[in-house]
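Structure record follows, encoded as C-alpha cells.
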Amino acid sequence: MFMNKKTTLFSRSRSLEAEIGEFLDKLSESSKTYQIAILTYLRNGPTQEFNDMVARLAELESRDDALRRSIEAQIYRETLIPESRGDVLGLLETLDQVHGLMEGGLYAFSIEKPVIPTQFVDGFQNLVEACNQSVEFLVRASRDFFTNVDSVSGDLDKVMFYEKEADRAGTILKRAIFESEIDLAHKMHIKSFAEYIDDVADGAEDVADRLRIYAIKRAI
C-alpha cells in the first residue's frame, strides 16, 4: 500500500492507489521489454520475436495512457490531494513521456531496420543496460514518493548515476562508430540509434530532477 510516515496521499481512494501502482508496474515492465527487444534486435535483427516485443511495448504504453487519464479524472472528480495534485499529475505526465521515448525508439528500429555491425553490439548492450537501470531507479523513486518520501533521494541519485553511465557508454560507442571503416552514411544511421537509446536515460534524468523538488515539498 502507498503508506508513509505521515499518511497515504490516497487515504480516501483505494482504487486510485491501485491505479498508481499499476501505472508504475507497467512502466517498469516496459523498460524491461525495451531492453530485451533491443538485445534481441542486436542478436537477430528485425525478427518476428522483435516485432512482438514492439507490439507489447505499444500495448503497455496505451494501457499507461488510459491509467493516467483515469487517475487524473479521479483526482479532479473526487477533489483528492489538492495540496499535491499538481505534483502528482506532473509526475505521471513526465513518466508517460519516458514511456513514449521507449516506444518511439523501438518503432524506429522496426521501421528503419538499421544494420548494426558486430563490433558495435557490446557498445549498444552497455548503453541499453545503463538506460534500463536509469528507468528502473526512476520507478523506485516514484514509488518512494508515495510510500516513503525519505528514500526518494537515494534512488534519484542512482538515476543520475546511470544516466551518466549511459552518456559515457554512448560517447564510447559513437567514437567507435566514427573511427570505424564503414561508410559515412552508415555511421550516421547507426549513431542516430545510439542517440534514441540515450534519449531515454536523459528523459529519466529530467523526471528525476522534477521529482526531487516534489519530494522536498512532500517532506516538509
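Every number in this text was worked out from the coordinates using simple rules, so none of it is lab data. Keep in mind the model is a prediction, meaning the values are calculated, not measured. A quick note on method: Cβ atoms are made from the backbone with ideal geometry, for glycine too, and the neighbour counts reach across all protein chains shown.
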Checklist outcome for this item: The helix 85-112 Cα axis meets the longest alpha-carbon principal axis of the chain at an angle in degrees, between 0 and 90 and rounded to 10, of 20
Checklist outcome for this item: Taking a crude spin-label model, label points 7 Å out from Cα along the C-beta direction, the Leu89 to Ala219 distance in nm is 2.6
Checklist outcome for this item: Rounded to the nearest 10 degrees, the helix 48-77 long axis (Cα) sits at an angle to the longest Cα principal axis of the chain of 20
Next on the checklist: In Å and on Cα atoms, what radius of gyration and Dmax does the chain show?
Outcome noted: 18.7, 63
Item to check | Once exposed loop GluC sites (Glu not before Pro) are cut out (DSSP; at most 16 other Cβ, 10 Å), longest piece of the chain | outcome: 84-180
Item to check | Extension gain from Gln119 to Lys191, taking 0.36 nm per residue of separation minus the Cα-Cα distance | outcome: 24.5 nm
Next on the checklist: On C-alpha positions alone, give me the angle between the axis of helix 152-179 and the longest principal axis of the chain, in degrees, nearest 10.
Outcome noted: 10
Checklist outcome for this item: Simple spin-label estimate for Leu184/Arg14, 7 Å along Cα→Cβ, in nm, reads 6.5
Next on the checklist: Can you show me the helix-derived [θ] at 222 nm for the chain, built from DSSP H runs with n ≥ 4 at -39,500 (n - 2.57) apiece and divided by the number of residues, rounded to the nearest 500.
Outcome noted: -29500 deg cm²/dmol
Checklist entry - Pick from Ala58, Ala141, Ala176: which residue has the top mean-square fluctuation in a GNM of the chain where Cα pairs under 10 Å get a spring? => result Ala176
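About its Cα centre, how strong a charge dipole does segment 14-219 have in debye, to the nearest 20, once Lys and Arg get +1 and Asp and Glu get -1 at the Cβ?
Charge dipole, segment 14-219, about its Cα centre: 60 debye, nearest 20.
Hey, which of these cross-link pairs are over 28 Å Cα-Cα: Lys158/Lys187; Lys113/Lys158; Lys32/Lys217; Lys26/Lys174; Lys26/Lys164?
Details: Lys158/Lys187 31 Å; Lys113/Lys158 32 Å; Lys32/Lys217 31 Å; Lys26/Lys174 31 Å; Lys26/Lys164 25 Å.
Long pairs (Cα-Cα over 28 Å): Lys158/Lys187; Lys113/Lys158; Lys32/Lys217; Lys26/Lys174.
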